[in-house]
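K.L.:
Sharing a structure here in structure tokens format.
The values are calculated or read from the model by the stated rules, or taken from the named source; none is laboratory data. This is a predicted model, so every value here is computed, not measured. Areas reflect the complete protein model, heavy atoms only, side chains present, ligands, DNA and RNA absent. Shrake-Rupley method; radii C 1.70, N 1.55, O 1.52, S 1.80 Å.
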Amino acid sequence: MEKVIQFNPMANRETNLDEVSKHLDMVRDVLAEVVEQYEEENSERTDDLTEALDALEDASEIINEILMDEL
């Protein structure tokens, strides 16, 4: 299985965290669209997907806080 993000071993940790943050934002945006599709269908799994979306948002916020502290 190929890695989703190819880290640059020569990059500093802030650069790598920034890459993670950008990818999390992309995944979060796509998942938000999927949640909307499930809501339109009144699926029983909408709540599960919403929880996953909330977890991605929390992870993104934490990473962004860390990045702001590093500056």
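K.L.:
Between helix 13-40 and the chain, what is the angle of the helix's C-alpha long axis to the longest principal axis, kept within 0 to 90° and rounded to the nearest 10?
P.N.:
For 13-40 against the chain, the angle is about 10 degrees.
K.L.:
For Val35, Val20, what's the largest-to-smallest order of accessible area, 1.4 Å probe?
P.N.:
Val20, Val35
K.L.:
Taking every pair of alpha-carbon atoms in the chain, what share in percent sits in each 5 Å bin, from 0 to the bin with the longest distance?
P.N.:
Histogramming the chain at 5 Å steps yields 3, 16, 20, 18, 16, 11, 8, 4, 2, 0 percent.
K.L.:
Related question: Would you mind checking the tilt of helix 46-70 against the longest principal axis of the Cα atoms of the chain, expressed as 0 to 90 degrees and rounded to 10?
P.N.:
Compared with the principal axis, the helix lies near 20 degrees.
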